[in-house]
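Visitor: Please see the structure below; I have some questions.
The values are calculated or read from the model by the stated rules, or taken from the named source; none is laboratory data. Predicted, not measured: the structure shown is a model, and the values here were computed from it. A quick note on method: Cβ atoms are made from the backbone with ideal geometry, for glycine too, and the neighbour counts reach across all protein chains shown.
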Amino acid sequence: MKTADWYFDFVSPFAYLQSEVLTRFDGKLAIRPVPVVLGGLLKHWGQKGPAEMATKRRFTYRHVQWVAGHNGIPFRFPPRHPFNPVRALRAAVALGASPEVVREIFRFIWREGRDINDPGEWTELARRLEAPDLDARCNAPEVKSRLLQHGEQALAAGVFGVPTLAIDGELFWGFDATDMVLDWLADPAHFSAGEYARLDALPVGAARKAAE
């Protein structure tokens, strides 16, 4: 069975949605959750996040609400978005980033609509994670360093957004790529022949000029 690195950030509602369907890979793919800071990826690639453009922000929020309902996934936006996810990411790292821990944090934020940066809410999350010393563990230098290393690992793999499943050098980005992963696992050769092979060598016809 193949192993995949699953790159995610708790700030991403689409990462939450995919976290809820990862069981579709049971018996087909071993998944290793890798917390990363989406902002670091966007900065590296010179991109803006959807929430940084007013009209795209509105559409994205409406779209993700629809996608959740369409797929029968319980969903509620937290009080503010975007929010600073670093605290939650460090918590995941400090607690071993197990699927259970990651799922609990995601559901706290996106199923219950809680605010992880509110002191009372954070205390409740720590209680649920059975980690009364969570603040101290999150502030440990090795935890901070490991989160940074995850970001470097993601960039080295070519990851440009979350959620991303990285399998044997292939990147599958977004909740809507979940079915594509299942098809690829069933028949990887299909994705390296015909039009797929041509696309890999497709030349660039025009390039946007960098702003002066």
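Visitor: Scan ASP26, ASP9, ASP5 and give me the residue that is acidic (Asp, Glu) and in contact with a strand residue (DSSP E or B) (Cβ under 6 Å, 6 or more places away or on another chain).
Guide: Details: ASP26 fails: in contact with a strand residue (DSSP E or B) (Cβ under 6 Å, 6 or more places away or on another chain); ASP9 fails: in contact with a strand residue (DSSP E or B) (Cβ under 6 Å, 6 or more places away or on another chain).
Residue meeting the stated conditions: ASP5.
Visitor: Please give the helices (runs of 4 or more DSSP H) falling wholly within region 106-210 in which 1 or more residues are within 24 Å of PRO79 (Cα to Cα) and of a type in the set (A, V, I, L, M).
Guide: Working: elements: 119-128, 134-138, 141-156, 178-186, 194-200.
Counting at least 1 such residues, we get 119-128, 134-138.
Visitor: I would also like to ask the following. Kindly indicate the residue of region 50-75 that is exposed (fewer than 14 other Cβ atoms within 10 Å of the Cβ) and outside any helix (DSSP H, G or I) and also modelled with the lowest pLDDT among those meeting that condition.
Guide: Narrowing region 50-75 to residues exposed (fewer than 14 other Cβ atoms within 10 Å of the Cβ): 52-55, 58-59, 62, 66, 69-72, 74.
From what's left, outside any helix (DSSP H, G or I): 53, 71-72, 74.
Values: MET53: 93, ASN71: 98, GLY72: 98, PRO74: 98.
If we take residues in region 50-75 being exposed (fewer than 14 other Cβ atoms within 10 Å of the Cβ) and outside any helix (DSSP H, G or I), then MET53 is modelled with the lowest pLDDT.
Visitor: Regarding VAL64, is this residue among the aliphatic types (A, V, I, L, M) and over 12 Å from PRO13 (Cα atoms)? Break it down stepwise before answering.
Guide: Values: among the aliphatic types (A, V, I, L, M): yes; over 12 Å from PRO13 (Cα atoms): no.
Answer is no for this residue.
Visitor: From GLU104, GLU124, grab the single residue that is surrounded by 13 or more Cβ atoms within 10 Å (Cβ to Cβ) and either farther than 14 Å from PHE10 by Cα or aromatic (Phe, Trp, Tyr) (or both).
Guide: Only one candidate qualifies: GLU124.
Visitor: Select from region 22-49 the residues that are part of a helix (DSSP H, G or I) and over 14 Å from the mean Cα position of the chain (by Cα) and list them in ascending order.
Guide: Our first condition is that a residue be part of a helix (DSSP H, G or I); within region 22-49, this holds for 22-25, 38-45.
The answer is THR23, ARG24, PHE25, LYS43, HIS44, TRP45.
Visitor: Scan region 65-94 residue by residue and report those that are more than 15 Å from PHE106 (Cα to Cα) and of a type in the set (A, V, I, L, M).
Guide: VAL67, ALA94
Visitor: Under 8 Å by Cβ, and 6 or more places apart or on different chains, what pairs join a residue from region 136-159 that is at pLDDT 95 or above with one that is among the acidic types (Asp, Glu)?
Guide: From residues that are at pLDDT 95 or above, the pairs are GLN153/ASP5; ALA157/ASP5.
Visitor: List the pairs whose first member sits in region 95-109 and is within 13 Å of TRP122 (Cα to Cα), whose second member is among the β-branched types (Val, Ile, Thr) and modelled with pLDDT of 95 or more, and whose Cβ atoms are under 8 Å apart, counting only residues at least 6 apart or on separate chains?
Guide: What qualifies is ILE105/ILE116; PHE108/ILE116; ILE109/ILE116.
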